Every structure is written in structure tokens, then in C-alpha cells.
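Chemist: I'd like to ask some things about the structure below.
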Amino acid sequence: MKFLALTSLLFSFSCLAQVQTINIGDFDIEYELSGSGKHIVLLEAGMTRDLSDWDTIIPDISKMARVIRYSRAGNGNSSKTNQQFSAEQYVNHTKSLLDALKINEPIIHISHSYGGMLARAFAGKYPNSVNALLLIDPSTEHDLDIVKKIDLSRAIKETKWMKSIGIKDGMANEYLDYWAKRPMPNFDEIGDKPLTIITSIKKFENPVVLQITDLGREKMAKALKVWAETFPQGKAVLTKKSNHFIQKEEPELVLKELAELIAKLK
């Protein structure tokens, strides 16, 4: 009987691969369950993005694990809101989502861009709820300081311009932590668990902001590598084959690194 129950649990997502909504209190959250396997993967999209960011890669991830992808409040078809959220508030939303879905086991948290800050915040607050982290070209609280050291005057102008775009396009609710440079959890809070960062160092022909100049990318990649290696099981993978949306442009690399993380958990 226990075997049958376990088998049912392992394959319970395979017949649910359709977008649904679930209430987590003040918000209705758009989500999708798919896949089968021993482990559960949670996909965290980037700033202002939604669950469709994973369309290219989710069929293959679903062959490796059970997968949850969702759109945060204010994005996709989740509840619309102009409220400003901190990373901690988003973390509370994520925990509420997992609780509502009755997910009690640790997850492998795969995140992209700004989602990387949220994944760190979640792992810092709920270290026992995370088995491993895979951060794809993650934003960090140090990005703005890095570009300011390259060209202070230009960095200030670019930051002001990007802030104005965010407010104009209604994206301010996800910029709060990024612009405030709030400290995010590190090894002491997250603990010793497998962690991989994949970051792009591909050259742009005409970079419009310092962050994507050759020097900007080089310095941010170096900082990410140093940070990843503060974890005993941490590593950084640098790619020249894809730009920011690595999961779309180079899905095979993401799948390879995910497979290695899963192997470490067996």
C-alpha cells in the first residue's frame, strides 16, 4: 500500500499539465503542474515576466522531475496589482502557493534574472524547503554598484532612465528590492546545498547600458562566480552562446546543469 501511495505521488503531476489558478489569500495565482519523478522543481521567472518564459524548456524538465511554474501577483494571468512588493513578500506568496498545493517536500528552485534574488530570499527564509538552487543569469543586489565603478556618471543616468521606464510601464512593483539594493541571503542563511549559477558573457555589438557592455558582463560574472564558490557545492558556468534568456537560447545547458544537480541529490 505504501508503494502504491508513493508511486501515485511521484506521478501525480503528469495528468495535470494545464494552466490553472489558485487563491493564496489576497491574490489568485496562475500556475501549472507537469512532469513526474522523485524531485519537485519550482520555476521562478524574471522581473515582470510570467510562466510562459519557460515554454521552451518545460517539456524537457518535465521528463526529469515534477514541475511547478507560476506567475507572481501582478504578472501573467495572476491577480493584477500596482502594489509594491519586497522580496520577503514575494517569498511569502511562494510559500503560500506551495502550501495551497500541499507541497511539503523540498524543492529544486530554478530561477531567472530577478527571480534569482527571490530564490535566494526563499532559501534563506526556508532553508529546509529547498534542496538545490539553479540560478540563470541572476540579478543581484550588487549589480548597480558594479556598473557605478565602471562609469559613475553614466551609471547614474542609466539607472534614472531604467527607473522611469519601470514606473511608466507599471513595473515598479518588482523593482523595489533591486533599486533599494537590499541585502539578500548568502551561504550562512541558505546553508550547504547544491547551487549552480549559469551566466552569460556573450558580447553585444551595441550595448545600450553598462550592464551589458563587455566590461560590465565580465565584472558581474566574476562577482557571481566568487559568490557561488562560497558554497561548498557551488559553481558558476559562464556561457558565450546565449544572452540573458539562457533557458530559451541555450536550453540544453540548463538541462545539463539541472541533471547534475539532481544527480547530487540521489
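The values are calculated or read from the model by the stated rules, or taken from the named source; none is laboratory data. Note that this is a predicted model, so its numbers are computed, not measured. Methodologically, a virtual Cβ is constructed for each residue, glycine included, from the backbone with ideal geometry; neighbour enumeration extends over all protein chains shown.
Chemist: Exactly one condition in (1) of a type in the set (Lys, Arg); (2) free of Cβ contacts under 8 Å to residues at least 24 places away in the same chain; (3) not in a loop (DSSP other than H, G, I, E, B) is not met by Lys102; state its number.
Modeler: (3)
Chemist: While we're looking at this one, here's another question. Can you spot a residue in the stretch 147-158 that is in contact with a helix residue (DSSP H, G or I) (Cβ under 7 Å, 6 or more places away or on another chain) and under 22 Å from Ser86 (Cα atoms)? Give the derivation first.
Modeler: Pass one, the stretch 147-158, residues in contact with a helix residue (DSSP H, G or I) (Cβ under 7 Å, 6 or more places away or on another chain): 147-148, 150-151, 154-155, 158.
Next, only the ones that are under 22 Å from Ser86 (Cα atoms) stay: none.
Among the residues of the stretch 147-158, not one is in contact with a helix residue (DSSP H, G or I) (Cβ under 7 Å, 6 or more places away or on another chain) and under 22 Å from Ser86 (Cα atoms), which makes the answer no.
Chemist: Search the stretch 179-231 for residues being aliphatic (A, V, I, L, M) and assigned to a loop (DSSP other than H, G, I, E, B), and hand back the single one that is nearest to Ser86 (Cα to Cα).
Modeler: From the stretch 179-231, those aliphatic (A, V, I, L, M) are 180, 184, 190, 195, 197-198, 201, 208-210, 212, 215, 220-221, 223-224, 226, 228; that's our starting set.
Then drop every residue that is not assigned to a loop (DSSP other than H, G, I, E, B), which leaves 184, 201, 208-209.
Numbers: Met184: 11, Ile201: 29, Val208: 28, Val209: 25 Å.
In this case the residue turns out to be Met184.
Chemist: Looking only at the stretch 40-79, filter to residues that are among the charged types (D, E, K, R) and outside any helix (DSSP H, G or I); which one of those is surrounded by the fewest Cβ atoms within 10 Å (Cβ to Cβ)?
Modeler: Residues of the stretch 40-79 that are among the charged types (D, E, K, R), as a first pass: 44, 49-50, 53, 55, 60, 63, 66, 69, 72.
Narrowing further to those that are outside any helix (DSSP H, G or I): 44, 49-50, 55, 63, 66, 69, 72.
Details: Glu44: 29, Arg49: 20, Asp50: 18, Asp55: 11, Lys63: 13, Arg66: 26, Arg69: 25, Arg72: 29.
So, considering only residues that are among the charged types (D, E, K, R) and outside any helix (DSSP H, G or I), the one surrounded by the fewest Cβ atoms within 10 Å (Cβ to Cβ) is Asp55.
Chemist: Quick one: Glu44 ticks every box in (1) out of contact with any helix residue (DSSP H, G or I) (no Cβ under 8 Å at 6 or more places or on another chain); (2) acidic (Asp, Glu); (3) closer than 22 Å to Leu255 by Cβ bar one, so which box is it?
Modeler: With (1) out of contact with any helix residue (DSSP H, G or I) (no Cβ under 8 Å at 6 or more places or on another chain); (2) acidic (Asp, Glu); (3) closer than 22 Å to Leu255 by Cβ applied to Glu44, the lone miss is (1).
Chemist: Further, regarding this structure: Just give me the residues in the stretch 119-134 being farther than 17 Å from Trp54 by Cα and touching a residue at least 24 places away in the same chain (Cβ under 8 Å), in sequence order. Steps first, answer last, please.
Modeler: At the first step, the residues of the stretch 119-134 found to be farther than 17 Å from Trp54 by Cα are 120-132.
Residues satisfying the conditions are Arg120, Ala121, Phe122, Ala123, Gly124, Lys125, Tyr126, Pro127, Ser129, Val130, Asn131, Ala132.
Chemist: Let me ask you something else. Which ones in the stretch 232-266 are assigned to a helix (DSSP H, G or I), surrounded by 18 or more Cβ atoms within 10 Å (Cβ to Cβ) and more than 16 Å from the chain's Cα centre (by Cα)?
Modeler: Ile262, the sole residue that qualifies.
Chemist: Please go through (1) at pLDDT below 85; (2) under 30 Å from Val67 (Cα atoms); (3) surrounded by fewer than 18 Cβ atoms within 10 Å (Cβ to Cβ); (4) charged (D, E, K, R) for Glu141 and return the number of the only condition it doesn't satisfy.
Modeler: Going through (1) at pLDDT below 85; (2) under 30 Å from Val67 (Cα atoms); (3) surrounded by fewer than 18 Cβ atoms within 10 Å (Cβ to Cβ); (4) charged (D, E, K, R) one by one, Glu141 breaks only (1).
Chemist: In the stretch 203-234, which residues are touching a Pro at 6+ places or on another chain (Cβ under 9 Å) and modelled with pLDDT of 95 or more? Quick ask: steps written out before the conclusion?
Modeler: Step one: filter the stretch 203-234 for residues touching a Pro at 6+ places or on another chain (Cβ under 9 Å), giving 213-214, 216-217, 224, 231, 233-234.
If the condition is that a residue be touching a Pro at 6+ places or on another chain (Cβ under 9 Å) and modelled with pLDDT of 95 or more, then Leu224, Phe231, Gln233, Gly234 are the ones that fit.
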